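The structure appears below as structure tokens.
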Amino acid sequence: MTFSHSDPPCVDTSIDLLASAAAGGRDLLEGMRLSSEAVICARHEEAGDAVLGQALLLQAHYAYRRFDYTLAYESALEASAVLRRCDDVRRLGQALNYCVITCIETGDVVHGLKHSIRALALAEADNNLGQQAKLVHNQAVIFEMLADHRTALEHLERAARLFERVPNGQAGAFSARVNAAGIHLTLAESPTPKGMPQREAEASVLSRRAAAAQELPDLLPQADPAALQMWLAIQMRLGNMDAARLAAVIGIGAARRNRWSERYRTHAMLGLADYHLGHGRAHRSVLCLKSAVSKLRAAQNQSHLAATERRLAAVYAHIGDHQQALWWMRQAEHDNARVQTEFDQLRRHIGESQRQAERRRSLREDVPVHVQRLDVIGRLISEVHHALAQPIGAARTTLRRLIDAADPATSPLHLGGDLREVVEQIDTASSLVRQLKMFSYRAAPQPSEVDLERAIAQSWEDASLWRHGLGRKLTVIASQRTVVHVDAQRLAVLLNILLIEANRMTTPNELMSAHIARDATTCCMKLSLGDASLDVKLVRARVGITLCAEIANEVGGRLTCKTEPGPSVALLLKLPLMSSA
């Protein structure tokens, strides 16, 4: 692994015991003892959620620095639950951040990502840039562990920019930049993809090494020990021995000042291993790596353990001790198995999250479209409803006359004509009711034989019942009778809406014509819209046209729009052919 996550958050205190524990500073044993007493005291005295949450957070802080990841995670997890009860959003984010970094160290990346997502949402809601930077950095570490280097680099760049915007963020920005440089160098040293020309592969390696050198910041003595160790390793791999020696001296000094911190000592050993190996002292490198492995195993640090064991195997192979190299490689594979299981679980979790996000995005996009389509159909039904009023009113008046005609004082001379008028009006009303019913289909498509010319003529006649203005004629041009194999009800809805849209997009005095052509398996109906001002993109985007396209797909056909000479726009409806007579 070439990563270092961001430094743990600082802890605020509000009571004397907590203040004493926080004042422990570099004396981790004393700080650990005082923080544990603060937790016990807060529980015994029922000091409240705020005090207990701070005590648990401080205990997690010291436990993490002493490599006691089990206690660190348990304390941070309980602190997050306690702090949530008292609405301490800032410290809740800190507690979740400890959950994240301990999960990363122990290889539990599934829970680590879940904690980081929750904590990042809290930090963004609280506008806490420092906390956002740490969490984005830690997410980058998780993506690097998954070998998703592109996403990791994007997160590291974002984290570095956030760190640069907060006071005292130099150490965090340094860690993020060093991480990014390490990723570039790892990609440069990775095997060349099969089939890539040698010249292109060499250029890619040089480009990656140059990117690593450019990304690598100046040495920062007060940086996190993992970042210092990584900076040293990168300088060694780039051939900068003097810079690596300076980093090694700083790392050893930091470990001596933090003598009770296994974390500082472990990263100092890892840095010295790289330094000795770079200077040809492989046996000293082995001793340093073995010391680091024992500390990592004691801390159950799964994120670094297998990688360190592989490095140890490589050093043994370098000095010719192949038996030890094989043993350590097998040990690395054994220790890496649990981490790989976590990675597989996380990949499935990320995949499912992405699918859920895609479903939510599609729903957000589909809902407005469906609302518009319902509005189109609603307007059509509204027009049908208003068109029903006149014939039904006429039928009512006529019936009233019939009732009046029953009176012997009234002459029934017009009774026959009135009855014929009632029949005509009721026929009209019945046809319109059929139109209303047609728009309420729900069943699955049931294909049948439909005469396309007759269906077009019927749809145009039905549409004319509520078309305003002068009567308009539609000419259907076909060389022979055409029968299509589609759902008759859906085809009727499709043709009604399509003809209404065509009628609205053309001028009243323009001739409307439908041309039907066919081949062996399909037929095509073309509606030409002769208005030169029409834009094919705008026509294709109309709600009615998109609805027709979906219905056409339902019945096994296809609706397209294209530009024709003239200029004009044509609507092309292709349908599966049944037979011809």
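The values are calculated or read from the model by the stated rules, or taken from the named source; none is laboratory data. Everything quoted here is computed from the prediction, not taken from an experiment. Here the Cβ positions follow ideal geometry from the backbone for every residue, glycine too, while neighbour counts run over all protein chains shown.
Show me the helices (runs of 4 or more DSSP H) found entirely inside the stretch 230-323 where at least 3 residues are among the acidic types (Asp, Glu) and within 28 Å of Leu71 (Cα to Cα). Steps first, answer last, please.
Working: elements: 241-257, 262-278, 282-298, 302-319.
Counting at least 3 such residues, we get no helices (runs of 4 or more DSSP H) at all.
From Arg150, Arg199, grab the single residue that is assigned to a helix (DSSP H, G or I), within 25 Å of Ser116 (Cβ to Cβ) and not hydrophobic (A, V, I, L, M, F, W, C). Steps first, please.
Working: Arg199 fails: within 25 Å of Ser116 (Cβ to Cβ).
Being assigned to a helix (DSSP H, G or I), within 25 Å of Ser116 (Cβ to Cβ) and not hydrophobic (A, V, I, L, M, F, W, C) holds for just one of Arg150, Arg199, which is Arg150.
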Query raised in the report: Among the residues of the stretch 171-189, is any farther than 30 Å from Arg84 by Cβ and of a type in the set (Phe, Trp, Tyr)?
Result: yes
Just to be sure before I move on: is Asn127 polar (S, T, N, Q), under 24 Å from Phe163 (Cβ atoms) and not in a helix (DSSP H, G or I) in the structure I sent?
yes
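Each row is one residue, and each column tells you yes or no for (1) of a type outside the set (Asp, Glu); (2) at pLDDT below 80; (3) touching a helix residue (DSSP H, G or I) at 6+ places or on another chain (Cβ under 9 Å).
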| site | (1), (2), (3) |
| --- | --- |
| Val315 | yes, no, yes |
| Ile319 | yes, no, yes |
| Asn336 | yes, yes, yes |
| His349 | yes, yes, yes |
| Gln354 | yes, yes, no |
| Asp366 | no, yes, no |
| Val371 | yes, yes, no |
| Asp375 | no, yes, yes |
Expected output for the stretch 232-251 (first residue surrounded by 22 or more Cβ atoms within 10 Å (Cβ to Cβ), partner β-branched (Val, Ile, Thr) and in a helix (DSSP H, G or I), Cβ below 9 Å, 6+ apart or cross-chain) is Leu232/Ile250; Ile234/Val178; Ala244/Ile234
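Kindly check whether there is at least one residue in the stretch 533-549 that is polar (S, T, N, Q) and in contact with a strand residue (DSSP E or B) (Cβ under 6 Å, 6 or more places away or on another chain).
Scanning the stretch 533-549 turns up no residue that is polar (S, T, N, Q) and in contact with a strand residue (DSSP E or B) (Cβ under 6 Å, 6 or more places away or on another chain).
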Within the stretch 103-123, restricting to residues that are β-branched (Val, Ile, Thr) and at pLDDT below 85, the one that is surrounded by the most Cβ atoms within 10 Å (Cβ to Cβ) is Ile104
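Table: residues versus (1) of a type in the set (A, V, I, L, M); (2) under 25 Å from Ala76 (Cα atoms).
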| position | (1), (2) |
| --- | --- |
| Leu113 | yes, yes |
| Arg118 | no, yes |
| Glu124 | no, yes |
| Ile142 | yes, yes |
| Ala147 | yes, no |
| Arg150 | no, no |
| Glu154 | no, no |
| Arg158 | no, no |
| Phe163 | no, yes |
Criterion first (at pLDDT below 85 and surrounded by fewer than 24 Cβ atoms within 10 Å (Cβ to Cβ)) does Gln170 satisfy it? no
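Checking the conditions here, which among Ile40, Ile104 is part of a helix (DSSP H, G or I), free of Cβ contacts under 8 Å to residues at least 24 places away in the same chain, β-branched (Val, Ile, Thr) and within 30 Å of Lys295 (Cβ to Cβ)?
Working: Ile104 fails: free of Cβ contacts under 8 Å to residues at least 24 places away in the same chain.
When all the criteria are applied, what remains is Ile40.
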| task | Kindly indicate whether Arg454 is modelled with pLDDT of 80 or more, surrounded by fewer than 16 Cβ atoms within 10 Å (Cβ to Cβ) and in a helix (DSSP H, G or I). | result | yes
Of the conditions (1) surrounded by 15 or more Cβ atoms within 10 Å (Cβ to Cβ); (2) out of contact with any Gly (no Cβ under 6 Å at 6 or more places or on another chain), the single one that Arg150 does not satisfy is (1)
